[in-house]
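**Q** Quick one: the structure is below, questions incoming.
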Amino acid sequence: MAKKNKERLNTVDEEKEIIDGEDRESGTNGITEVWNFFSSMKLGLILFLIIAAAAIVGTLIPPDPQTNLPKFNIYGQIWFRGLLGLLCMNLLVCSLNRWKFISRALGNPKARVSENYLKKLKQFSSIRKKGNLAGMAGSLEAALKEKGYRVFKEEADGTTFLAADKGRVGVLGSFVTHLSFLIITAGAIYGGFTGYEGFVNALEGQSFSLTKDVSWSTAHRPDPDEEFQVKVNRFWIDYRPDGSVKDYYSDLTVIDQGQEKTKKVIEVNDPLNYKGVKFYQSSFGPANRVTAKVASKKTMQENEYTVYEENGFPVEGTDTEVRVLRFIPDFDPSNPGQSRSNLPNNPAVIYELLKGGQSVETNYKLLNVPIQTDDATVTFTGYQVGNYTGLSVRKDPGVPIVWTGSGLMVLGMLISYLWQHRKIWAVVREANGIAIADIGATTDKNKLGLENDFNAIVDTVQD
């Protein structure tokens, strides 16, 4: 048995077969069983299919129309991250298993192989011509080197063994690709645990706080020491000639510890980036402003306020507050909640009156028609129709890792495509003045390229 095993160790392929058999026979302890479980290609395929199916479902879930964020974030679920972790483990173990064979392929090929092994290869030829062993071996070696092969020679018992290969760096392609998958997955897991995502609706001229005003869709939130403010200087929409929306923009300024740090006009897919936090232009919506004059009966003073819908203003010297609930450009008394058109034909304001924080009245009033209260005379005098800007806020520290993995994936594919590991063996002997050379070749990729090399070498030696 030991003798047979020794004969079978003549090539990398045969050696792999022996090692695989020994691994299966020695898999009796718990550690080996766990290792074999994680090295299973079937496990990797099943995990990949489950993750792909979950990702498809997560993509198809419609976003919240107000925030443009997923209503249910599958990617942030602990079970999804657990699947990614299992896939990472599977890729790591498979890569480590693969490396021991790759390292052998990167080394010098074994020159001494059996003639029976060569005859089993798809590319095989036997050359017989008058001459001696040295001449035949020399011609073969020269022909192989002319085609760019490394040549290794061994002599024993009146026989010359030749082994040649080229493009051995190509065996690294699959390893680099596997490694890239591992890095990409690790980057996604790291970003999922350390990053965050949220949404904020912001009005022109107002500032919002990163830690206090953003609605977060992820469990992880920014730390207090990451706090800064963002001011929306201006928001506008660019229209096409047909009236459809071409793009929309927000002019943003970052204020950190009272100092203006950076400023940028953002648009769709061109975010503002500050300290790794990115602000994407995501959506917009109507945000109307109403101007009101308030004449306080207690202080005998008149003040003017401009507020957005859902905001209010006080009556000086009292505990009374007026909230603007909604501005309606074309008010219909028969249907107070709806506007008959977008034209300002009959502008009105739906308002709420509060005393001591308690609601005492909800009603409507046309523009320039005063509201008489116990404390003041309130008159809505004007309006401005505008929009709010919807901003997606994201931080993902895993992105550089994912980009690194993506670069390695491209590199691995290029290595696999540009270099194909080709191996050629020859057993040369002499009998009765006839030089005999049995030649065989194999490759995992580009078999046509190997066939062309092989035929050219055989034709050169036969001439």
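The values are calculated or read from the model by the stated rules, or taken from the named source; none is laboratory data. Since the structure is predicted, the reported quantities are computational estimates derived from the model, not experimental observations. Ideal geometry is used to build each Cβ from the backbone, glycine not excepted, and the neighbour counts take in all protein chains shown.
**Q** Give me the residue from the stretch 399-412 that is surrounded by fewer than 19 Cβ atoms within 10 Å (Cβ to Cβ) and not aliphatic (A, V, I, L, M) and, out of that set, farthest from Ala219 (Cα to Cα).
**A** For the stretch 399-412, the residue satisfying everything is Gly407.
**Q** A further question follows. Tell me, which residue of the stretch 179-222 that is of a type in the set (A, V, I, L, M) and part of a loop (DSSP other than H, G, I, E, B) is surrounded by the most Cβ atoms within 10 Å (Cβ to Cβ)?
**A** Initial filter on the stretch 179-222 (of a type in the set (A, V, I, L, M)): 179, 182-184, 186, 188-189, 200, 202-203, 210, 214, 219.
Among the residues that remain, those that are also part of a loop (DSSP other than H, G, I, E, B) are: 203, 210, 214, 219.
Values: Leu203: 17, Leu210: 25, Val214: 23, Ala219: 12.
Among them, the one singled out is Leu210.
**Q** Of the residues that sit in the stretch 240-277 and are closer than 18 Å to Glu226 by Cα and among the β-branched types (Val, Ile, Thr), which one is surrounded by the fewest Cβ atoms within 10 Å (Cβ to Cβ)?
**A** So the residue we want is Thr262.
**Q** Now for a separate question. Could you tell me which numbered condition Phe48 fails, if it satisfies all but one of (1) over 18 Å from Trp99 (Cα atoms); (2) at pLDDT below 65; (3) of a type outside the set (Gly, Ala, Ser); (4) part of a helix (DSSP H, G or I)?
**A** Unmet for Phe48, out of (1) over 18 Å from Trp99 (Cα atoms); (2) at pLDDT below 65; (3) of a type outside the set (Gly, Ala, Ser); (4) part of a helix (DSSP H, G or I): (2).
**Q** Given (1) aliphatic (A, V, I, L, M); (2) at pLDDT 85 or above; (3) within 18 Å of the chain's Cα centre (by Cα), identify the lone condition not met by Val57.
**A** Every condition holds for Val57 apart from (2).
**Q** Let me ask you something else. Quick test for you: out of Tyr280, Tyr308, pick the one residue that is under 26 Å from Asp251 (Cβ atoms), surrounded by 16 or more Cβ atoms within 10 Å (Cβ to Cβ), in the same structural domain as Asn269 (by TED's automatic domain parsing) and in contact (Cβ under 8 Å) with a residue 40 or more places away in the chain.
**A** Going through Tyr280, Tyr308 in turn, just one is under 26 Å from Asp251 (Cβ atoms), surrounded by 16 or more Cβ atoms within 10 Å (Cβ to Cβ), in the same structural domain as Asn269 (by TED's automatic domain parsing) and in contact (Cβ under 8 Å) with a residue 40 or more places away in the chain: Tyr280.
**Q** Kindly indicate whether Phe101 is in contact (Cβ under 8 Å) with a residue 12 or more places away in the chain and farther than 30 Å from Leu43 by Cβ.
**A** In short, no.
**Q** Look at Asp247 and say whether it is among the charged types (D, E, K, R) and closer than 12 Å to Val277 by Cβ.
**A** no
**Q** On the given criteria, is Asn29 closer than 21 Å to Ile184 by Cβ and modelled with pLDDT under 75?
**A** no
**Q** Let me ask something else. Conditions first: (1) at pLDDT below 90; (2) out of contact with any Ser or Thr (no Cβ under 9 Å at 6 or more places or on another chain); (3) crowded, with 19+ Cβ neighbours inside 10 Å. Pro333 passes all but one, so which condition is the exception?
**A** (3)
**Q** Can you spot a residue in the stretch 381-391 that is over 26 Å from Ala202 (Cα atoms), in contact with a strand residue (DSSP E or B) (Cβ under 6 Å, 6 or more places away or on another chain) and of a type in the set (Gly, Ala, Ser)?
**A** no
**Q** (1) in contact (Cβ under 8 Å) with a residue 60 or more places away in the chain; (2) assigned to a helix (DSSP H, G or I); (3) over 27 Å from the mean Cα position of the chain (by Cα): which one isn't true of Asp225, the others all being true?
**A** Every condition holds for Asp225 apart from (1).
**Q** Give the number of residues within the stretch 156-185 that are free of Cβ contacts under 8 Å to residues at least 60 places away in the same chain and aliphatic (A, V, I, L, M).
**A** The total comes to 1.
**Q** Identify the residue in the stretch 363-378 that is touching a residue at least 40 places away in the same chain (Cβ under 8 Å) and surrounded by fewer than 16 Cβ atoms within 10 Å (Cβ to Cβ) and, among all such residues, is farthest from Pro314 (Cα to Cα).
**A** Asp374
**Q** If Ala431 satisfies every condition in (1) more than 30 Å from Asp157 (Cβ to Cβ); (2) among the hydrophobic types (A, V, I, L, M, F, W, C); (3) modelled with pLDDT under 90 but one, which is the exception?
**A** Among (1) more than 30 Å from Asp157 (Cβ to Cβ); (2) among the hydrophobic types (A, V, I, L, M, F, W, C); (3) modelled with pLDDT under 90, the lone unmet condition for Ala431 is (1).
**Q** Hey, another quick one. Looking only at the stretch 245-254, decide whether some residue is at pLDDT below 85 and not in a helix (DSSP H, G or I).
**A** Looking for residues that are at pLDDT below 85 and not in a helix (DSSP H, G or I), one finds at least one in the stretch 245-254, hence yes.
**Q** Inspect all residues belonging to the stretch 395-409 and state whether any of them is outside any strand (DSSP E or B), polar (S, T, N, Q) and not assigned by TED's automatic domain parsing to the domain that holds Ala134.
**A** yes
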